[in-house]
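Heads up, the thing below is written out as structure tokens.
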Amino acid sequence: MGLELIPISRPAPGSGGLTGTWRTLKPLVDLAKCIDCGICWLYCPEAVIDWEKGKKISIDYAYCKGCGICAHECPVKAIEMAPEET
Amino acid sequence: MLSIPASCASVVQGLGPKSGIGMPLLNVPFASAASVATGIAEAFKQLGVKGRAVVWAGDGGTADIGFAAVSAAAERNSDVLYVMYDNEAYMNTGIQRSSETPKYAWTTTTPAYAGGKKEQKKDVALIMLAHGAPYVATANIAYPQDLYRKLKRAAEIEGFKFIHLFAPCPPGWSFDPSLTVEVARKAVETGYWILWEYDDGVFKLNPPSTIYADKSKRRPLKEYLKLQGRFAHLTDEQIAELEKEIDKRWDTVLKLAKAFGK
Ligand SMILES: Cc1ncc(C[n+]2csc(CCOP(=O)(O)OP(=O)(O)O)c2C)c(N)n1
Ligand code: SF4
Ligand code: SF4
Ligand SMILES: [Mg+2]
């Protein structure tokens, strides 16, 4: 019984809930333009961009908050921020 | 084992019973992080546990309210890696000024109609250097590879390590979140933020700040300030004054690099 009362949290995805629902702008990637540099992956503050050299990137929209850093930092403007449909 | 005092870093972990941080961590009272980490480091030593005591704390929790504990841990040379992420105010409670808020910046407690903050920014990294800590460095979120290298290097050293990490806050500084890295980068390119490292008695500048030692290579400070609403009320005279302050900071850093360079 005692141990259950200790306030311990365990690492798990989505500890802030489905934060993707907070988004008002959605990053859309044009993979034809993408040069596979990994800069968006490096700077995404939510760590929701998957990137492995040669495989190009993919974004986990369940948790992406739509901050737009990836689009701003992409050196070839391969990411566009589009308004979310409500 | 991380110790995190009350700050936005307490919030980004998410809600129990889940945690967004994949390592053991303690959420500790505001002023206590350096002392808690000292205890953890000592316990690791006594128990023969291989582990590192790390603090991740804000500027308010470090440079103001936690400062006595930080200073004491540095004086004891506790085996702690202390990272102060500096968003230049008490952000978690709604943008109150701290000793790390720069001069003339707007916060809710230093309103623009009253001219913003009156006092200058405290240089905590240099104060830690004066404690004789074996490793002290500045870092900036726009240069994650530099930060990564510094964290790795600091982790190899026994004793008190301090990293002062520049971290812009979109709502607190009033800029669009997409510009977060841009604002941080401009801080370095205008010379406002200087990347340096003191390691084993040697003080040196780190790239890209190395090139900005030459004043003519720096961008005008205005390019950094104009991105942020918190500086919107500044006059040209005030900007010129801030530029002079930056020159003074560079002067100090360059003198240190000369005196303690290799
Ligand atoms: C003893 C105590 N005083 C005040 C508070 C309220 N408080 C919680 S977070 C915070 C601001 C912390 O500022 P900083 O350390 O700069 O971190 P940031 O929120 O900016 O990330 C304050 C004042 C508290 N939790 N405990
Ligand atoms: S919009 Fe922000 S959170 Fe979403 S993928 Fe881009 S950088 Fe990450
Ligand atoms: S920053 Fe742009 S080019 Fe680089 S991997 Fe991301 S989308 Fe592709
Ligand atoms: Mg702060």
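The values are calculated or read from the model by the stated rules, or taken from the named source; none is laboratory data. Not measured: the values here are computed from a predicted model. Don't worry about glycine lacking a Cβ; one is built from the backbone with ideal geometry, like all the others, and counts go over all protein chains shown.
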(request) Tell me the strands (runs of 3 or more DSSP E) entirely within the stretch A:1-77 that contain at least 3 residues that are away from chain B (no Cβ under 11 Å) and over 12 Å from the mean Cα position of the chain (by Cα). (result) none
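Answer with yes or no whether B:Ala154 is within 13 Å of chain A (Cβ to nearest Cβ) and touching a Phe, Trp or Tyr at 6+ places or on another chain (Cβ under 8 Å). Reasoning before the result, please.
Details: within 13 Å of chain A (Cβ to nearest Cβ): no; touching a Phe, Trp or Tyr at 6+ places or on another chain (Cβ under 8 Å): yes.
When the stated conditions are applied, B:Ala154 does not pass them.
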(request) Please work out if A:Glu80 is within 14 Å of chain B (Cβ to nearest Cβ), over 30 Å from B:Leu15 (Cβ atoms) and either acidic (Asp, Glu) or within 16 Å of ligand 4 (Cβ to nearest atom) (or both). (result) yes
(message) For the stretch A:66-86: of the residues being surrounded by fewer than 20 Cβ atoms within 10 Å (Cβ to Cβ) and in contact with a Gly (Cβ under 9 Å, 6 or more places away or on another chain), which is modelled with the highest pLDDT?
(response) A:Met81
(message) If B:Lys186 satisfies all but one of (1) away from ligand 2 (no atom under 16 Å from the Cβ); (2) surrounded by fewer than 21 Cβ atoms within 10 Å (Cβ to Cβ); (3) within 14 Å of another protein chain (Cβ to nearest Cβ), what's the number of the condition it fails?
(response) (2)
(message) Quick check on B:Thr93: is it at pLDDT 95 or above and within 16 Å of ligand 4 (Cβ to nearest atom)?
(response) yes
(message) Only one of A:Glu46, A:Glu52, A:Glu73, A:Glu84 is of a type outside the set (Lys, Arg) and either within 16 Å of ligand 1 (Cβ to nearest atom) or in contact (Cβ under 8 Å) with a residue 60 or more places away in the chain (or both). Can you tell me which?
(response) A:Glu84
(request) Could you please give the count of residues in the stretch B:205-219 that are touching a Lys or Arg at 6+ places or on another chain (Cβ under 7 Å) and crowded, with 21+ Cβ neighbours inside 10 Å? (result) 1
(message) Quick check on the stretch B:129-162: of everything there that is of a type outside the set (A, V, I, L, M, F, W, C) and under 16 Å from B:Ala184 (Cα atoms), which residue is surrounded by the most Cβ atoms within 10 Å (Cβ to Cβ)?
(response) B:Thr138
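I need the helices (runs of 4 or more DSSP H) fully contained in the stretch B:144-252, keeping only those with at least 2 residues that are touching a helix residue (DSSP H, G or I) at 6+ places or on another chain (Cβ under 6 Å) and farther than 30 Å from B:Asn77 by Cα.
Working: elements: B:144-156, B:170-173, B:180-189, B:209-212, B:222-225.
Ranges flagged: B:170-173, B:180-189, B:222-225.
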